[in-house]
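First up is the structure itself, then whatever we jot down about it.
The values are calculated or read from the model by the stated rules, or taken from the named source; none is laboratory data. As the structure is a computational prediction, the values presented were derived from the model and not from experiment. A quick note on method: Cβ atoms are made from the backbone with ideal geometry, for glycine too, and the neighbour counts reach across all protein chains shown.
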Amino acid sequence: MEVPHTSPVAEGPPWTTCSIPEGIYNRSMAGQLSTSSSKRISKFIVFTDLDATLLDHHTYSWQPAAPAIEGLRERGYPLILCSSKTLAEMMDLAAELATAAPLVAENGAFIAIPQAHTLAPCLPDAKAYEDYLIEFTGASRDHILATAHALRNEHAYRFEGFADWTIAELSHHTGLDHEAATRAATRLATEPIVWNDTQARWEQFEAQLDQHDIHSVRGGRFIHLMGNTDKARGLESLVSLYRKHVSEFAWTSVALGDSPNDLGMLSVANIAVVIPNPNRSEILTPTSEHIIRAPHPGPQGWNAVISDLIRSSSNLDVGNSNDG
Ligand SMILES: [Mg+2]
């Protein structure tokens, strides 16, 4: 079914200048189809960063991307939210978007599959959390806290983290209201800390963490301790589950992101979509075979590129099954 062009983006370049290489969908699928003995139906699986990618940087609205999101839903192309946010922070958005697809949370530190999803029985050792099954791609938060706190006790390092604070203290440190601070505190695989010690002692602490497969990612306000994993690992875990257990379809992965912590995820996707961010100076250059640069920031650019990709696939038999 042809998707009507109902994009709310009134201005900007026409569709044909979205920089989507001609026939990208067919080319990226060709290798997978040729490995199959019978011709399988082709589907996209879309992984998206949230802030300044699917969500507007200022208003946090995803509404400008609604036509493309609906297009994905109509074709049964899964939309996977992939963020540094906690699962508790992402669940409301997933409900709002009416997506029953898996999620990638806390910067790729775990994948979360709804318990009612087709893939749920494929994770027999996963841990249940609310309506999801959780599988860590690296260390759990229990391991991170046990390690970091043991080193703090032993060496008298001066640092504080989310685990040390009450919700009121967390609100003070983050500026979040009580409810939002509660969701931010509900962490399963990462620990944000504030380092109050010297640089030399930080380097010593960092090297000690490394021996326990824990590394750090510097954010704006906090240093995030996490396992040796990232959004790319989250994408790869889910794509391999879909390819193995939902093998009646040939899956092409698409990733969208705007910042350096999306680069790994963009690089391992079949199609990387770089969303421009006017607040960042660096130019992201993923190593993916196909790179598309969106014509607008945020959800407007998201809508333009995904709508065009859906259009490019509409001449293929894509079926009606909803894997949401
Ligand atoms: Mg972002």
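Computed values, structure above
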read-out: Which numbered condition Thr285 misses (of (1) modelled with pLDDT of 95 or more; (2) over 16 Å from the mean Cα position of the chain (by Cα); (3) of a type in the set (S, T, N, Q)); value: (1)
read-out: Single condition Glu236 does not satisfy, out of (1) assigned by TED's automatic domain parsing to the domain that holds Ala109; (2) outside any helix (DSSP H, G or I); value: (2)
read-out: Qualifying residue in segment 197-219 (condition: of a type in the set (Gly, Ala, Ser), assigned by TED's automatic domain parsing to the domain that holds His173 and in a strand (DSSP E or B)); value: yes
read-out: Subset of segment 254-282 [farther than 24 Å from Val239 by Cα and modelled with pLDDT under 95]; value: Asn277, Pro278, Asn279, Arg280, Ser281, Glu282
read-out: Filtered residue count, segment 171-186, keeping only those that are under 21 Å from Ile223 (Cβ atoms), more than 21 Å from the chain's Cα centre (by Cα) and not in a helix (DSSP H, G or I); value: 2
read-out: Failed condition for Ala94, given (1) surrounded by 18 or more Cβ atoms within 10 Å (Cβ to Cβ); (2) more than 30 Å from Ser247 (Cβ to Cβ); value: (2)
read-out: Segment 214-255, residues that are closer than 11 Å to Asn107 by Cβ and small (Gly, Ala, Ser); value: Gly219, Gly227, Ala232, Gly234
read-out: Selection within segment 255-280 - more than 16 Å from the ligand (Cβ to nearest atom) and surrounded by 24 or more Cβ atoms within 10 Å (Cβ to Cβ); value: Ile271
read-out: Top-ranked residue of segment 120-157 - restricted to ones that are buried (at least 18 other Cβ atoms within 10 Å of the Cβ) and not hydrophobic (A, V, I, L, M, F, W, C), ranked as nearest to Thr190 (Cα to Cα); value: Arg141
read-out: Test: Thr190 is farther than 26 Å from Glu130 by Cα and surrounded by 22 or more Cβ atoms within 10 Å (Cβ to Cβ); value: no
read-out: For Ser247: the one exception among (1) crowded, with 16+ Cβ neighbours inside 10 Å; (2) more than 16 Å from the ligand (Cβ to nearest atom); (3) of a type in the set (Ser, Thr, Tyr); value: (1)
read-out: Test for Arg218: is it surrounded by fewer than 21 Cβ atoms within 10 Å (Cβ to Cβ) and either more than 16 Å from the ligand (Cβ to nearest atom) or of a type in the set (Phe, Trp, Tyr) (or both); value: no
read-out: Segment 38-68, residues that are within 15 Å of the ligand (Cβ to nearest atom) and part of a strand (DSSP E or B); value: Phe47, Thr48, Asp51, Leu55
